Structure formats: structure tokens, C-alpha cells
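> One structure, as C-alpha cells, below. Some questions next.
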Amino acid sequence: MKTFVLTALFVTIAGLSGCDRSSQGFSLPQGNAELGEQVFVKYQCLRCHTMAGYEAEAETLSGALQTPVQLGGQVSRIRTYPELVTSVINPSHKLAEGYDGADIQVDGQSVMPNFNDVMTVTELVNLVYFLEDHYELEPYPRTDYVSPH
Ligand code: HEC
């Protein structure tokens, strides 16, 4: 049943490009960031990920990756929640950019575990809400014009 719901959710997302919190018919109920943080800890996301403010927690887990994949922080393009849901329920859909391919995938499949049969939809909603709060858009890089002499 859970798997079915997640599959249906994924099929919905797959057809979307996504722009804001309620983009194109894909609308999650309001999540709870505190509960989302508990989900983040429960499933040990920090085994393979870093996130500002969670350095101490990460250290208590044995790192599974040589170069952990950063979550949150400043990004050049904001992660929409359909994208974050996709990253969690279908990690191989689009592999993270800027990482050594050998570390993050095997034969095009993400090494990120699949939580779809254990994570409830409520946990997913809260997790994504929590994650979304940790992204920040990079300031636009202005052209550094050389002043004429
Ligand atoms: C065993 C290691 C491992 C664990 C545990 C893990 N991940 Fe990942 N995750 C990865 C790898 C490797 C990538 C990069 C490849 C990819 O994009 O799937 C990734 C990518 C992601 C991305 C996309 C990042 C980007 O910038 O594109 C998100 C979001 C994410 N993970 C969230 C989570 C969450 C939330 C959890 C816990 C529920 C989790 N991961 C647990 C290995 C892991």
C-alpha cells in the first residue's frame, strides 16, 4: 500500500517540471520541520550527507562515502519540493552534480539507499519540508567590469 502511494506520487512528479511550493498540481500538505529533522536523523542521512549545523551528528556515524554529498546551503538553483521528493524516492533519476561519479553511482544507479518501503508518506512530507528550509539561493554573481582609465 505504502509502495503504491509512493509510486503514484512519483508518477505524478515525473510529469512535472516544478516551480514553487504548489507547482502544477503537485501540492504537499504543510510539513513540520521539527518532525522532518527527526526523520533525517532516524534514517541516518548523515552517513552520506553533510548539512550545516549537523557536523557533530555526522561524526557519530561511520561515513559511507569518501566525499559526502552536501544537502542544503547556497545553491545556484533552488531545489523545489518535487525535486527533493524525487531525490529521496528515486535517487537515480538525476544524479547530484559536481561529485566524483565513481563515489556516488554504480552503473548509473545512485548508491543512495531506497527508503520507499520503510518511510511513511507523512515522514517524507516532513523530511522534504525540513530539507527545503535549508537551501538558500546564491547571490547573483555580478559582472566585475574593469573601470575605464
Ligand atoms: C549510503 C549513502 C546515502 C544515504 C544513507 C543517503 N543518501 Fe542521499 N544521496 C547519496 C548519494 C551518493 C547522492 C548523490 C547521487 C544522487 O544524486 O542520487 C545522494 C543524493 C541526495 C539528494 C540530492 C542532492 C543533490 O544536490 O542533487 C538528496 C536531496 C538526498 N540525497 C537526500 C537524502 C536523505 C533525505 C537521506 C536520508 C533519508 C539520504 N539522502 C540518505 C547517498 C546517500
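> Rounded, prolate or oblate, given the Cα gyration tensor of the stretch 107-149, with a/c below 1.5 counting as rounded? Show your work: numbers first, answer last.
On the way: a/c = 9.29, a/b = 2.41, b/c = 3.85.
Here the stretch 107-149 falls in the oblate category.
> Do any GluC sites (Glu not before Pro) in the stretch 29-111 lie in a loop, going by DSSP, with at most 12 other beta-carbon atoms within 10 Å of their beta carbon, and if so which?
On the way: sites: GLU34, GLU37, GLU55, GLU57, GLU59, GLU83, GLU97; in loops: GLU97.
For GluC sites (Glu not before Pro) across the stretch 29-111 that sit outside H, G, I, E and B with at most 12 neighbouring Cβ atoms in 10 Å, the list reads GLU97.
> Taking amide hydrogens as modeled 1.01 Å from N in the peptide plane, which residues meet the under 5 Å criterion relative to TYR135, leaving out close sequence neighbours?
HN-HN under 5 Å from TYR135: GLY73.
> Between the stretch 126-140 and the stretch 55-69, what is the separation of their alpha carbon centroids in Å?
If we compute the Cα centre of each part, the gap is 20 Å.
> For THR50, which sequence-distant residues (separation of 5 or more, or a different chain) have an amide H within less than 5 Å of its own amide H, given hydrogens modelled in the peptide plane?
VAL69, GLN70, LEU71
> Would you mind listing how long the stretch 52-120 runs along its three principal axes, going by Cα atoms, in whole Å with the largest first?
Principal axes ranked by extent give 30, 29, 27 Å for the Cα atoms.
> Next question. For VAL41 paired with VAL121, estimate the spin-label separation in nm (one decimal), with each label point 7 Å from Cα along the Cα-to-Cβ line.
2.7 nm
Just so you know, all these numbers are worked out from the coordinates, no wet-lab data involved. All values reported here derive from a predicted model rather than from experimental measurement. All Cβ positions, even for glycine, are placed from backbone atoms using ideal geometry, and neighbour counts span all protein chains on display.
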